[in-house]
Structures are given as C-alpha cells and as structure tokens.
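Notes for the one structure printed next.
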Amino acid sequence: MGAPSPRSPRPEGAAAPAFLLWPPAVGAAPGYRALSHPQGGTRRAGVMTDVHRRFLQLLMTHGVLEEWDVRRLQKHCYRVHDRTGAVEELEDFINNINSVLESLYIEIKKGATEDDGRPVYALVNLATTSVSKMASDFAENELDLFRKALELIIDSDTGFASSTNILNLVDQLKGKKMRKKEAEQVLQKFVQNKWLIEKEGEFTLHSRAILEMEQYIRETYPDAVKICNICHSLLIQGQSCETCGIRMHLPCVAKYFQPSLEPRCPHCNDYWPHEIPEVFDPEKEREAGPSKVSKRSLRSRQH
C-alpha cells in the first residue's frame, strides 16, 4: 500500500493536561465506553478521599489496566488508606472519581481488547488528541512517525502496518532527520508506552490508543474509519463479511455467533466463512487465579 494522503489535524481543546493536576512524583502517563452516570443531567459531584486519589495517581502511572488489575489496585488503595472501610463497587467507585474529573475534561473510560474482549480501563483526556498529549514525551519527528504509523494502520484492511512500510516513510518526517535504526527504537518506545502493539513485525493500536483516540480517528479519517456492525464502536482489528463487507470485532463475533451452528451475517444473511473465536469468560479467569494473570501481564499483549 502506498503512503496515505496527508490530512489536517483536529483543533485541540483548552483543558490542562492531566499530568499538571497531580504531584510531579506520580508520573505523567494519562492516556469503549464511558461509565454510566444518572440520566437527564449533570453527574452529581462526588467526594475524593485519599483512597480515590491514590487509585487515580496509580492509574495515571500505568496508563491502562485490565479489569482484574484495576480491582486489585482498588483493594490495595483501601488497604493503605482505609483498612476498616467497605470496598465500594468498582463502577460506583470510578463514577465517583469521574464526577470530580468532569469539569477538567478527564475521565476514566472502560473498554475492551480487540483480540479477546478483556475489559480494560484507561484515564482519558477528553479535550485534546492523544498525539498532542504525547508531546511531553516525544520529539516532533517522533510524533510525526506515530501519525504516519496511525494512518497506515487505519487505511489497512487488517488493522496492522508492517514495520517495513512505516520505516519507508522516515524521509517524510517533520523536524529533525531520523535514521531507520532510530525509527525502529522509537516504534519500540511507542510499544513500551502502550500506544502500539507489535506482533511478528507488524504494528497495530494498543487499546489505550483506541480508548483515547476514537473520536479523533473518526473525525480525522472519515473515509477510512471502520465501525463494528454490532457494538458500533471504532474497529481496528476484526472480521468482515465477504458478501456485504460489514465488519465486526472478534469479541462481538464470538458473542453474536456463540449459540449458532451455522453462523450467518447479521446484515445480508450469507454464510459467515471465518473461524468463530472464543468468548472471554471472567468466571474461567477467576478460576485460573492470580498466578496465571501475572504471567499474562508479563507478555506483550493488548490491554
């Protein structure tokens, strides 16, 4: 695939970056679905205790966490600051934090990994694009490399861009010239910071990036963006109908076709030719115990 045509970036919002709102020692790694709040008006302001503040600071440090780790983090914060207190339901706990963050255009969002549907949480700045928020950690030419990788990923049919195709664009980067060897190191930096995932020499978006950049991607790439036919969220990886072309996330495919012996497209009713993936089962996850989860977290998987 050739290099995509340049597109104009979306104007940025005016809210202060999340890392300016908390003690410098915390670290600055804030960043499909926002957690619910009462219908028909503004969310009622909550009260931030030391438990909530520590939880928020640690989530900022990690950038994104799977639900299992988020629940462990919440319990840890209670043990440190309120040993005798009852642990609040996670959704209520996060809604309470979000009610305080609302005026700052920051929110803890819940999403799911595209490969197997594991629930994840990330702290998202709603007022600025993720590329601009990365400016404190990356140079101009490094940010431009990310933009070009993003365009290749969005424009691809598979949701992946090969390292070769990305590195072939280094001569077009803005700012200081970059060698291909340097570009390879920058791509690994994006992986380490949970903006990209690498699988066998190809790159795709980390779920942190999807959570934070969905609106930006929809507005910046309206002709190339793909939407899941089931959940109607942004789709990077998934399966498509060979007859009518609709696309579905792998977890959505699994849930939609789970009881079906002969899966058919929900749009055109033609036979669905792809292998049906397994549905993520939280009960099996709990039975596996923390040792399996810890080992999984050490691998380079999507959060």
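The values are calculated or read from the model by the stated rules, or taken from the named source; none is laboratory data. No experiment lies behind these values; they were computed from the predicted model shown. Neighbour counts run over all protein chains shown; Cβ positions are idealised from the backbone, glycine included. Remember, those area values only see protein heavy atoms, side chains included, never the ligands or the DNA or RNA. Shrake-Rupley method; radii C 1.70, N 1.55, O 1.52, S 1.80 Å.
Please tell me if THR158 is among the β-branched types (Val, Ile, Thr), outside any loop (DSSP other than H, G, I, E, B) and either farther than 30 Å from ILE230 by Cα or at pLDDT 90 or above (or both). Spelling it out, it is not the case that THR158 is among the β-branched types (Val, Ile, Thr), outside any loop (DSSP other than H, G, I, E, B) and either farther than 30 Å from ILE230 by Cα or at pLDDT 90 or above (or both).
Every condition in (1) over 20 Å from TYR221 (Cβ atoms); (2) open to solvent by 60 Å² or more (accessible area, probe 1.4 Å); (3) assigned to a helix (DSSP H, G or I) is met by ARG147 except one, and the failing one is (1). Could you tell me which residue of the range 66-102 is farthest from ARG208 (Cα to Cα), considering only residues that are of a type in the set (Ser, Thr, Tyr) and open to solvent by less than 90 Å² (accessible area, probe 1.4 Å)? Result: TYR78. Taking each residue of the range 238-253 that is within 18 Å of ILE210 (Cα to Cα) and among the hydrophobic types (A, V, I, L, M, F, W, C) and looking for partners that are open to solvent by less than 20 Å² (accessible area, probe 1.4 Å) and outside any loop (DSSP other than H, G, I, E, B) with beta-carbon atoms closer than 7 Å, six or more apart or interchain, yields MET248/CYS228; CYS252/CYS228. Considering the range 203-295, the qualifying helices (runs of 4 or more DSSP H), each wholly inside and each with 1 or more residues that are open to solvent by 60 Å² or more (accessible area, probe 1.4 Å) and modelled with pLDDT under 90, run over 207-220, 282-288. Within this structure, THR113 fails the test of being among the polar types (S, T, N, Q) and out of contact with any helix residue (DSSP H, G or I) (no Cβ under 8 Å at 6 or more places or on another chain). Out of the range 26-60, which residues are at pLDDT 90 or above, open to solvent by 30 Å² or more (accessible area, probe 1.4 Å) and out of contact with any Cys (no Cβ under 9 Å at 6 or more places or on another chain)? Hits for the range 26-60 are THR49, GLN57.
Per the conditions (1) assigned to a loop (DSSP other than H, G, I, E, B); (2) at pLDDT 95 or above; (3) farther than 15 Å from ASP116 by Cα, the sole criterion not satisfied by GLU198 is (1).
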